[in-house]
1. Do you know the relative contact order of the chain, to the nearest whole percent, from alpha carbon pairs under 8 angstrom that are 6+ apart?
2. In 10 Å bins starting at 0, how do the alpha-carbon pair distances of the range 48-133 split up by percent?
3. As a check on your grasp of the helix formula, calculate [θ] at 222 nm for the chain: sum -39500 (n - 2.57) over DSSP H runs of n ≥ 4, divide by the residue count, round to the nearest 500.
4. Relative contact order of the range 1-50: what whole-number percent is it, with Cα pairs under 8 angstrom and at least 6 residues apart?
5. At 4 °C and 1.567 mPa s, grab the translational diffusion coefficient of the chain from Stokes-Einstein with a Kirkwood Rh over Cα pairs, rounded to a whole number in µm² per second.
6. How many angstrom lie between the C-alpha centres of the range 1-25 and the range 114-142?
């Protein structure tokens, strides 16, 4: 909880999260960030109480999907980088081997893992519910972006 609340606090201080998460209480603790961290952890505890046989699978499936999402975006950006900026890629001292073929292979592997998760009973529910998380993040980002634009006007 300490590290999660501090990450949220620092994101807020860098204008990458709500300013409310960057407020310190009288003891110099990021109380709002700690509260949010506690809520998220409590959801995990509630899951383990309500559906103990499925809770671990849900949490690990969601984290795996987020991992696939992040690294999928990285691979897609790398493919685009190689296509749009071959001059920079040629000068780079840190060239990724076997690209772009390896990027497509790994993306295919990720797609295969998602298909397997869809057909596995233990992971299907979390896989189908994870888009709700992305929708929530998108809505929160849109709200934050609109507030930022209205504050600038």
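FYI, it's all coordinate maths here, none of it is from the lab. Just so it is clear, the structure is predicted and the values come from calculations on it, not from any experiment.
1. It comes to 17 percent, rounded to a whole number.
2. 16, 37, 23, 16, 7, 1
3. -27500 deg cm²/dmol
4. Numbers: 48 pairs, mean separation 16.4, N = 50.
Once normalised by length, the contact order is 33 percent.
5. It comes out at roughly 69 µm²/s.
6. 25
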